[in-house]
Amino acid sequence: MSKMSDRERGFEAKYSFDLEQNFRVEAHLYKLLAMWAGREMGMNDAECAQYAHKIIGDVVAAPRENGVVVAILADFARHNIDMTISQLTTRLEELRPQARAEVL
């Protein structure tokens, strides 16, 4: 019986660890995307960092599906930059391996 409990605890610990790692990768991915978007909107490095912090804060405060993409897409529209949700999600997926490598 204790072997099963040890095994269950091991699986739970691994699951918890994996969830935390995935969260960290996603957060870094959103930061990279926001930094890229800031540069596309003509911001300097300091403004890009501030923009990324704002975007991530807004999404954490009010989570919704594709929140980062929707927020950035709205900002592109405000800056009269032609960008589709498809182009933005493609860029997000291009940045995913970089985010994973930098976090892990």
key: Derived scalar couplings ³J(HN,Hα) [region 36-45; Karplus, 6.51 cos²θ - 1.76 cosθ + 1.60; whole Hz; x for Gly, Pro]   = 4, 4, x, 5, 5, 8, x, 7, 7, 4
key: Accessible solvent surface per residue of the chain, calculated while the other protein chains remain in place, 1.4 angstrom probe, Å²   = 69 Å²
message = Loop-only chymotrypsin sites (Phe, Trp or Tyr not before Pro) in region 1-85, please: DSSP not H, G, I, E or B, and at most 15 other Cβ atoms within 10 Å.
response = none
ask   = Taking a probe of 1.4 angstrom, what is the accessible area of SER5 in Å², to the nearest 10?
value = 40 Å²
ask   = GluC sites (Glu not before Pro), restricted to region 32-95: which are DSSP loop and have at most 10 other Cβ atoms within 10 Å?
value = GLU65
message = Per DSSP helix of 4 or more residues, -39500 (n - 2.57); summed, then divided by the residues of the chain. What does that give at 222 nm, rounded to the nearest 500?
response = -29000 deg cm²/dmol
note = Check: C-alpha center region 21-52 vs C-alpha center region 73-103, spacing in Å is 10 Å
Label-to-label distance, nm, for residues given as ARG64 and PHE17 (7 Å Cα→Cβ offset) = 3.7 nm
inquiry  = Ignoring ligands, DNA and RNA, please state the percent of accessible area on the chain from carbon and sulfur, probe 1.4 Å.
reply    = 55 percent
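The values are calculated or read from the model by the stated rules, or taken from the named source; none is laboratory data. Computed from a prediction, not measured in an experiment: that's the story for all the values here. In this analysis, Cβ positions are derived from the backbone assuming ideal geometry, glycine residues included, and neighbour counts consider all displayed protein chains. These accessible areas exclude ligands, DNA and RNA; they are computed on the full protein's heavy atoms, side chains included. Shrake-Rupley method; radii C 1.70, N 1.55, O 1.52, S 1.80 Å.
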